[in-house]
Each structure stands twice: as structure tokens, then as C-alpha cells.
């Protein structure tokens, strides 16, 4: 035995404890497990020191290509992360606590989550937010299930310009239920309103849309909200929180449930997680919300405090009738989101949104100036846009990877007839110089 | 403490953004823009750092307090795990999904693949998907795999029910219900496990799966588990293992060996990753061979050249359960934990977790009612029924513990034990810490007899006293509108 | 004076001229603790005896309320929407939840009288 590996007892202490229990060995405590069920020894390797462990982890990380310049998004975005976020969310009092079941000794987590819910409500313009879901895709699925419950209907209409991964998650969640999902193909990277009108009727529980959509196109769903509400359904919008620094909020459009992925708010890319999903809704839907909700109250002396509230919706009380099965969520990532939003602040988020769009517009003009390259959509875009190339995008992207550039997300895997289309993402982290270099390389690649 | 919004001063800024080096774009049409800037905080970096630092000080946590929260496995979270996960912060998940992109992500894809192999060994399963994002998400994924299995055999319409014991975590019936099943609940027998006779009666060919936690939420290992799985299989029902209590049995029993077909593991419990004030967790799902075709995609495979590749178009797959590859950062920590402890370390962790729980159980047995008095695994469940005779509830004891600097055990769960107090010390606590906790628990039991009012008044040392939860639920002030 | 009957699930029904006022017993209200929400049935809903009629929540519990008699819901106590605490304050009077047009008074024999219910509570 080279060390304790976090089991602190000395042999003497173990003897004392065994004596107190009245057994002669630790093995005796496993007597309730029938002998014939006992495991063969584990085959995993022997342990190692902390130093060796970290060296191994460094080696693994080193097997990924470092320092890629990113023009990819698709739900995860390469944004700035202020240093204070790591330090504050890295405080052990936050990250080694658990669900704040005991409010008196969990006011730190509870107040932070209340502030988080407030930030999400103000950002989305809606009346209630929960304390986080898993990610953007599962948030879409939870919102859809919420709409099924609220309306008692069993059809979800989805604009296919919603993130394809989120749509796949939605399908997975619903495949064993008696629910119909109808997808409307986009036209020129934008929502097909005529196609949508043809399928919307009084059997639809919800319409799911996204802003900006997977192509990067910005929309205003005010008309859709009215249309869906007339038919007794709900409008669910997946939104990109950074864009809400300037874009019309879901609340202003009449959206009933807003969801999205919170990675862009202070959470690292980290190969896809952890991030957090957010969900906000009109206050009238509060009892159908999934997950934890923190509420304000007072203590015995009338002092303000915060508690988990409306827990009777949740699985630990309502079991199979709960509004969701979610228990552990992404609390620490939501805390990072709150710190990010509070640090960047009111004007800062608006400025950051403008900066993203300015960079993207510059890149869009640079790339569109390359012979044979066209911008796919005519509608305005935020920090992503779609270009169509004179040749298949997949091979081009593969070639650019070797230059250390993720050039964009080819649409060939997600939409028919768009083999030459590429979604390019430009965040505030990309400099003019980098964008110019990217344009030069792209032009060269297209000439070959 | 004031809310961050109450500390805001209009015009104050916390971050300087990168300067723009490109021309300003033409303004967007007004109908696409929000009428007013969102009412976020306006504070300096120092204001903000103090705010969140001071908020953090209002929390109990594993690093500051003994935290024997039953069913949650609040073990110490080694610091090297945090440093390990940080190494992966810059990697964009979409890179691996680009044409030819896997080549640039061999480290991360390889780690996920290898983590799956390690977990398969520990659980006795044939393949593991690392996509599920938490325990309950793993449960839902697992039950969807069960549904896909039955559907592929033409039994979708026939299989209507999922059987759970009444001692199960609430997530089990909730996950099965969300996946489209009706629930049959089997009561617990006086011997502390699912009543075998009632279970037999509940089992029909319409049952799709049986969900078990083993050891169960009473901390007891079910000696009939093999018989239960044989009965389930005779009805073509699959056995689901809720891995919440896996910390009790690493290296001692492999769920796959005793008849389980599907399992989720909670990396944030068993494998030492922090709980984050409520998450993120991670809930990889392991399956037996028959269920591999249905696993979520993309599936990570190792090709003939030893390169890790993504399989994204598998016809039988239930599809994606998350947008990318799961909570990678959490899995990096769990991976580091497993390779650091290694096979002996994991076994020792389980052994000492069980030793600690039995030690606390025996020491407190004279003072608290122990409704199921037998050797426990990693946790023990008392009832405050003796104290109730003096008008003292489990919650009063919990609040007294807070005053003494202990995070309370889980109370009022499992629901089948009246006034339940569920204690899970974990293997990382020292004897000294447990002895001090035991003394305080004994003091609470004595105070219940001599001075119950003092327990009703607790806690007195916290920034706030007991909160009015009824007011919160009735008034529903869940955000502070600008 | 209307006659009152109780179910084993602690609902009561007060019958007068073919109409049954329905609620939960004082015992049930006390057991639930501070009630925070009553999910009232939809007007016009028809229920069978012992089917789920409504739902009730307290801070730490959620329970279904079963119809003590079959029939059609003709009135609901909307005051409970904003003041669920009425159920705690007056479970067997002002805390009524719905009026049911009773389909079959013969079903009342499946319920308990006040005396029988009080005796039943002592067995719990």
C-alpha cells in the first residue's frame, strides 16, 4: 500500500471500529452478499500517485490538437471567460456542497440561484426560471413535455432550423410516447411560414423555434405566438443568451417557454460539457415547470431568506407524477452563468452582442467577396451566418483542420441539398487579423 | 445579504471587453431588437468578488463541514481532479463532429472510450455510454434502451409496466413514467427488502423492467437479488440497476454478474467528482450485449488502427440523449479518480465506506430507533420515533446539527421510514470526525428528553433561522423583477 | 342539515337534494400540514366514485383527492385558488372543493358515517 488514497484510518482505528461493531474483520460486513454472487477481482490497473495521475491526464489532453482557431458554434461558443469566474465558482463552499435541502446552511447556493433565476427572467422577459436543466437539447425536450402536459395534446411542430442535435434529443425523449413530431424544412436558412401555416392546427401542443436559428438567421416570432395562441397551443423558443444582449426577448415576442444552452455564459467549451440548460416561462406555467425552483421567504424573525419551493412538483415527492425526473442539475454551471452575466453586466452584454455581430458581419463581407462564395440567407444574422461554396463544404473543412482552423459546420449531415453550405461562427475572440487570414486560406483552398 | 441587483449602480462596469478592430455593422431592423437592455447587475469586479465570496461563506460544504447526506455520497473531492478537468477547457466538441475531426480529438475521445471500459469492468457490463448528464438522465436513457429492446422484438404494445420497490429513489418512477411506462410499486417487507412474494405477484409478461437500487435506500443488500432477476427474466423483463449506491460494493459484487441488464452510475457520488451545489453530475449507462445496438449515438469506437472514431448512423440507436458527449469535465475528474485509486483503492473505498456506516450505526443504536436492525452497507437509516414521543421530529435534530457545524443527514427519506434519518459517512471521513458527530447525535437524543424546545428553536448560529416554506410556496416570489 | 359521509381516503361528501359538496377531512388537512395549492377539477367533469377528482399540495407532500361519489362537477370553490389555507382553517366547511351532481345515491353505502369515520381514524 503506497498511500491512503483518501481513506484516513490507521490499522489501530480500524481495529477499534470493528470491535465497536462486534465483528472481527471488514470482510465480515460484506456477509449479507451471498458468496456465489461475489465478484471476480477487478481488472482495471493498479492505482498511482496524484503526481502520476496528473501527468497521465496531461498526456491525454496533449493527444488533442491544441490551439485551434474556432469558427464553429452549433450551440457551443468560444467566448471570453473573465478570470473571476473560475476563482469564485472554484470556492469549495460552492462546488463541494450539494442540493440546498437544508436552507439555513445553504443560503449561499440558494441566494445565488435566486439571482440566477432573476437574471434569466430579465434576459428572456419571462416570469419564472428554474435553477437549471442539463443542456440546450434536453431543455428543448423538457419544454416540449411541459407543453404536452399543459395542453393535453400530443403533437409538437418543430422548425427544422432548430439545432439538429436538440431536435435529435427531443426525438429520443419522446420516441416511446404517443407523440407526433412534425418538422418543417427551412427555406434559404429561414423559417418557412407558409409551410408552417399548413400544419398548425388545434391539435398542436407546441411549436418549437430557435433564434438565431442553426443557420444564424435572426427572426421575430411575434406573429407565430399570436397564431399558435389562437389555436390553443404554446410557443417554445430556443435562444442564444448572448444574443439577448440586443435581440428582441422571447417575452416581448409572446413566447410561452424560452430555453437554451448556457455554455456561452462563462462556461468553458470542455469538449461539450458541463454547461447548463436554462428554461423560463410565463409565470402562469410555474406549476408545470421541471426541476428545482428557489423562492424568497422570511425566517422566524422576519429576515429575508431563500428556499427550494414548489417541491411538490418534483420527483422526490411526486414520484411518477412529477413534472420531470430531473434531480441533479447543472447548478455550478448556472452559478458561472450568473457570475458571467453580473460581471459583464447590463450594458456589457449589449456591447458584447454588438461586438459579436460586428465581427461576424466583417467576416461575412470578407468571405462573400471570395469568387464563388455566396451568403445563403437574405435575412439578418447575428454571430453566425451560412455561406454556400462552389464545392462541397465537407472536404474543405477537413482540409482547413490541418491548418489549425475549424472553418465552420458543414450542413451536409443535417439538411438535404446543402452539400456546399457552411455555417461560420465569429465571436468577439476572433481578431480582424485572424479573420483576414481565414479568408485568405479559404480563397486559396477554393482555387485548388 | 443584499441581492447583487440591489448593489448595482447604473453605469458601473465589471469587465472591459476586447476593443473592436472591425467596422461597425449596419444596425439591425428595429423589430428584431429588444426595447430595453436586460436588467442585469451593474457592479465592479471587486464588488462582485466580495458578493460571491460572502455568499459562499453562507454554505456548508464537504470542504468545510462533515456532510453525511444519505444517498448522496458526499465524499471528499480530491483537488487534483479539478486541475485535471481544467486541462480540457479549450476543446470545442464540434471539432470531433466535423468531417475528419476525430483525428484532432484523440485524447478526449480516447478518454471517454477508456472510461467506458473501466466502468464496464467495475459494473460487469459489456458496453458503457458516457452521454447521460446525471443519474436521473441515465435512468431515463436506460429505460429508453429497455423500450427500444422490447420494440425491436415486437413487444412495444405488450410491455406497459416498470416495477419499483417503494423504497426507491423518486427519480426511478419519474424516469420510467417519462419514458412512457406505468409504474407498479412493490412494498418493502419487514426484512428491509422488496417483499419477494408481492414481487412475484406483480410480475407479468407486461412488465418491461424492474428497477432496483442494491444496496437499497435502507443501506441493505438484497440477498434475493439473483432470484429476483431470474423471475424478471422469465417474464422477458429487464433488470435495471440504479447505481446511486455503488460506493458500497466496488470490487465486491458486479451488478452485471447478478442479473442486471442496464445500469447507470453516478460519477458525482461513487467516483469522487464534486456535487456543485446541485450539479453537474454525470450518469454513464452500462448495458449487456443484447442492448448494445440501441445505445445512444454518436458511439465512440476504437478502429483497427487503434484510432477512436464516432459512429453516428446506427439504425437501432435510440438517438442522442444530449447535444454532445456528456458532461466531459465531470468525466475527466472521474477518470482521474479511477486511475489514481486503481483496483485496490476502489475496493478499499467501498470497504471503508461500509465500515464507517456500520460504526455509526452501532454507536447510535442505543439512542435512536433502528427500524431495520442488521448489517448495513454504506449507509444506515434511523428513525426519530423515540424522540417523537417528546415532540421532537427528525427535522429538529437536523437543525440542531447545523448549530453544531454538521450538515444534517438526509431526513424524511426513504419515505417508508417514519421520521427517517439517513446517514452516509463515506470512506473519506476519519474516526475522529465520526466520533465527534456521534457525540452530538447522542446529545441531541438526550436533549429531546430534557429540553425539546432547544431543538425546536435550532438553528441559532446561522445567518437566518428556520424559514417559512409555506409562505414561499404560496407567494411564489421566484425572481426579482426589475 | 345535510348528511356527511367519509371515505377511507379521507374525503367527505355532504349530501343535500341530490348535490354533494366534497372536501377533505380535518384529519387529512392536519396530516398534510400547511396547504399551498389545490388543483380544482374542471367544471363539467364527470367522475366515477373513487376516481381522481382533484389534487392538493403542501410544502412537503402532494396527494390526489378521490371523488367520494360518482357524478358531474357543477361548481368549484374558486376561493381556494388564491387562498388554499382555507382548507387548513375550515376543512369540513369553507374548505369544500367541488359540488357534484350525484349520479347514484346508492353509492353512499360505500362510505362511512361520521361515527364510523372517527372509529376508523383510531385504527390508523
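The values are calculated or read from the model by the stated rules, or taken from the named source; none is laboratory data. Here the structure is a predicted model, which means the values were calculated and not measured. Neighbour counts are summed over all protein chains in view; Cβ atoms, including those assigned to glycine, are modelled from backbone coordinates with ideal geometry.
Residues that are touching a strand residue (DSSP E or B) at 6+ places or on another chain (Cβ under 6 Å) and either without any contact (Cβ under 8 Å) to a residue 60 or more places away in the chain or surrounded by fewer than 24 Cβ atoms within 10 Å (Cβ to Cβ) (or both): does the stretch A:320-328 have at least one?
yes
Please enumerate the residues belonging to the stretch B:280-290 that are surrounded by 24 or more Cβ atoms within 10 Å (Cβ to Cβ) and farther than 11 Å from residue B:266 by Cα.
Passing the criteria: B:286, B:287.
Got a sec? Which of A:247, A:170, A:191, A:196 is touching a strand residue (DSSP E or B) at 6+ places or on another chain (Cβ under 8 Å) and away from chain B (no Cβ under 14 Å)?
A:196
Go over the candidates A:289, A:253 one by one and state the one that is in contact (Cβ under 8 Å) with a residue 12 or more places away in the chain, touching a strand residue (DSSP E or B) at 6+ places or on another chain (Cβ under 9 Å) and under 25 Å from residue B:3 (Cα atoms).
A:289
Considering only the stretch B:466-475, I want to know if a residue exists there that is more than 14 Å from chain C (Cβ to nearest Cβ) and under 22 Å from residue A:106 (Cα atoms).
Checked the stretch B:466-475: no residue is more than 14 Å from chain C (Cβ to nearest Cβ) and under 22 Å from residue A:106 (Cα atoms).
Would you check if residue B:19 is in a loop (DSSP other than H, G, I, E, B) and more than 7 Å from chain A (Cβ to nearest Cβ)?
In short, yes.
Of everything in the stretch A:81-99 that's touching a residue at least 40 places away in the same chain (Cβ under 8 Å) and within 7 Å of chain B (Cβ to nearest Cβ), which residue is surrounded by the most Cβ atoms within 10 Å (Cβ to Cβ)?
A:94
What number of residues within the stretch A:25-58 satisfy the criterion of being more than 7 Å from chain B (Cβ to nearest Cβ) and either outside any loop (DSSP other than H, G, I, E, B) or within 20 Å of residue B:220 (Cα to Cα) (or both)?
Residues in the stretch A:25-58 being more than 7 Å from chain B (Cβ to nearest Cβ) and either outside any loop (DSSP other than H, G, I, E, B) or within 20 Å of residue B:220 (Cα to Cα) (or both): 8 in total.
Taking helices (runs of 4 or more DSSP H) that do not extend beyond the stretch C:37-124, which have at least 1 residues that are more than 15 Å from the chain's Cα centre (by Cα), under 16 Å from residue B:474 (Cα atoms) and within 14 Å of chain A (Cβ to nearest Cβ)?
C:79-82
Restrict the check to the stretch A:101-117 and report whether at least one residue is outside any helix (DSSP H, G or I), without any contact (Cβ under 8 Å) to a residue 40 or more places away in the chain and closer than 25 Å to residue A:272 by Cβ.
Scanning the stretch A:101-117, I find no residue that is outside any helix (DSSP H, G or I), without any contact (Cβ under 8 Å) to a residue 40 or more places away in the chain and closer than 25 Å to residue A:272 by Cβ, so the answer is no.
Restricting attention to the stretch B:123-137, which residues are part of a loop (DSSP other than H, G, I, E, B) and surrounded by 24 or more Cβ atoms within 10 Å (Cβ to Cβ)?
B:125, B:130, B:131, B:132, B:133, B:134
Within the stretch A:118-130, work out how many residues are facing chain B (nearest Cβ under 7 Å) and either in contact (Cβ under 8 Å) with a residue 40 or more places away in the chain or more than 17 Å from residue A:281 (Cα to Cα) (or both).
Residues meeting the conditions: 5.
Of all residues in the stretch B:96-122, count the ones that are assigned to a helix (DSSP H, G or I), buried (at least 24 other Cβ atoms within 10 Å of the Cβ) and facing chain A (nearest Cβ under 7 Å).
So the answer is 3.
Within the group B:284, B:274, which residue is within 12 Å of chain A (Cβ to nearest Cβ), at pLDDT 95 or above and touching a helix residue (DSSP H, G or I) at 6+ places or on another chain (Cβ under 9 Å)?
B:274
Checking residue A:295 against (1) assigned to a helix (DSSP H, G or I); (2) over 22 Å from the mean Cα position of the chain (by Cα): exactly one of these is not met. Which one?
(1)
Looking only at the stretch A:334-355, which residues are more than 7 Å from every other protein chain (Cβ to nearest Cβ) and more than 22 Å from residue A:280 (Cβ to Cβ)?
A:354 - this is the single residue of the stretch A:334-355 that is more than 7 Å from every other protein chain (Cβ to nearest Cβ) and more than 22 Å from residue A:280 (Cβ to Cβ).
Please pick out the residue among B:461, B:433, B:470 that is assigned to a loop (DSSP other than H, G, I, E, B) and either within 26 Å of residue B:61 (Cα to Cα) or touching a strand residue (DSSP E or B) at 6+ places or on another chain (Cβ under 8 Å) (or both).
Matching residue, one of B:461, B:433, B:470: B:461.
Before we move on, is residue B:467 at pLDDT 95 or above and under 30 Å from residue A:285 (Cα atoms)?
Here the answer is yes, as residue B:467 does meet what is asked.
Quick check: anything in the stretch B:394-405 assigned to a loop (DSSP other than H, G, I, E, B) and over 19 Å from residue B:451 (Cβ atoms)?
For the stretch B:394-405, residues assigned to a loop (DSSP other than H, G, I, E, B) and over 19 Å from residue B:451 (Cβ atoms): present.
Here are some conditions: (1) within 8 Å of chain B (Cβ to nearest Cβ); (2) without any contact (Cβ under 8 Å) to a residue 24 or more places away in the chain; (3) assigned to a loop (DSSP other than H, G, I, E, B). Residue A:5 meets all but one. Which one does it not meet?
(2)
Of the residues that sit in the stretch A:395-430 and are within 11 Å of chain B (Cβ to nearest Cβ) and on the phi > 0 side of the Ramachandran plot, which one is farthest from the chain's Cα centre (by Cα)?
Step by step, filter the stretch A:395-430, then rank; the result is A:404.
I need the full set of residues from the stretch B:83-93 which are assigned to a helix (DSSP H, G or I), facing chain A (nearest Cβ under 7 Å) and in contact (Cβ under 8 Å) with a residue 40 or more places away in the chain, in order please.
B:84
Condition first: under 18 Å from residue A:390 (Cβ atoms) and surrounded by fewer than 20 Cβ atoms within 10 Å (Cβ to Cβ). Now tell me which residues in the stretch A:400-418 satisfy that.
Passing the criteria: A:412, A:417.
For the stretch B:232-272: of the residues being within 20 Å of residue A:32 (Cβ to Cβ) and part of a helix (DSSP H, G or I), which is nearest to the chain's Cα centre (by Cα)?
Among residues in the stretch B:232-272 that are within 20 Å of residue A:32 (Cβ to Cβ) and part of a helix (DSSP H, G or I), the one nearest to the chain's Cα centre (by Cα) is B:270.
Does residue B:438 satisfy the criteria of being closer than 25 Å to residue B:377 by Cα and not in a loop (DSSP other than H, G, I, E, B)?
So residue B:438 passes the test.
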